[in-house]
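See below for the structure under consideration.
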Amino acid sequence: MTRRKQDDTRDFEALLRRGDPQKHYVLRLYVSGRKPRSQQAIATLSALCREHLAGRVDLEVIDVDENPKLAMRENIFALPTLVREMPEPLRRYIGDLAEVERLLLGLDVETRSTP
């Protein structure tokens, strides 16, 4: 193997160990209408995305009052429920979203401040 290929391989392996800081996230937040708990979850998650995932997240808010069949199909039984669809594996966070650090840890979100 040439010197250049060895360097490329070493760099690639280092990136794999470190994780991709530009990883893109796909999140779905299931809420119930205009209830205070749902509104708080939307506000908390919006702030989290602005602060930690700016430019690398797709967030969809789904009101199960307007689309109950989708909630049933996706096995959503408690609200609010946040689903991280990407990157795999799928993860769910159910209930109060007020503790941002716990939420980041639970969803395994790599923030810009993560080394």
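Where a number appears in this text, it was derived from the coordinates with a stated rule and is not lab data. From a predicted model like this one, the values you see are computed outputs, not experimental measurements. No Cβ is skipped: glycine too gets one built from the backbone with ideal geometry, and neighbour counts run over all protein chains shown.
Across all Cα pairs in the range 23-106, the calculated P(r) in 10 Å bins from zero up to the longest distance comes to 18, 56, 26, 1 percent per bin. Evaluated with a Cβ-only charge set (Lys, Arg +1; Asp, Glu -1), the range 23-106 carries a dipole of roughly 60 debye about its Cα centre, given to the nearest 20.
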